[in-house]
Amino acid sequence: MFQRVLIAYDGSDGARTALRVGIGLATRLEAELHTISVQEHLPHYAASIDEVQDAKERIDAYFRRLTKEVRDLAKP
């Protein structure tokens, strides 16, 4: 039936519930599971390049954490 399942994941409780349901569905259907997370724009008017770099590093760390959560939950 389905070959791919796509779950939007932002780390919230609702998204975590949807992820668990999506993992179960993908497992039962032997489908590929994909996730997507969306990043907000960096500050438009930063006082310095360091501010922009700090914001980017925080955002990158957040998305690495989300990716690890998804991988850990999807492990058989």
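No value in this document is a laboratory result; all are computed from the given coordinates. Here the structure is a predicted model, which is why all the values come from computation and not from measurement. As a convention, Cβ positions derive from the backbone with ideal geometry for all residues, glycine included, and neighbour counts pool all protein chains shown.
Taking a temperature of 10 °C and a viscosity of 1.306 mPa s, what whole-number D in µm²/s does Stokes-Einstein yield for the chain with Rh from Kirkwood over alpha carbon pairs?
114 µm²/s
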Counting other C-beta atoms within 10 Å, which of Ile7, Ile36 has the fewest, and how do the rest follow? Ile36, Ile7
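Ranking Phe63, Phe2 by Cβ neighbours within 10 Å, fewest first, what do you get?
So the ranking, lowest neighbour count to highest, is Phe2, Phe63.
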Structure-based [θ]222 nm, the chain - -39500 (n - 2.57) summed over DSSP H runs of at least 4, per residue, nearest 500: -19500 deg cm²/dmol
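Quote the relative contact order of the chain in percent (integer), defining contacts as alpha-carbon pairs under 8 Å separated by 6+ residues.
32 percent
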Ranking Glu40, Glu57 by Cβ neighbours within 10 Å, fewest first, what do you get? Glu40, Glu57
What residues have an amide H closer than 5 Å to that of Ile7, excluding those fewer than 5 places away on the same chain, when H is modeled at 1.01 Å from N in the peptide plane? His34, Thr35, Ile36
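Please give the net charge around Leu66, taking every other residue with its beta carbon less than 12 angstrom from that of Leu66, where Lys and Arg add +1 and Asp and Glu add -1. Mind showing how you got there, number by number?
Values: positive: Arg16, Arg64, Arg65, Lys68, Arg71; negative: Asp10, Asp60, Glu69, Asp72.
Here the count lands on +1.
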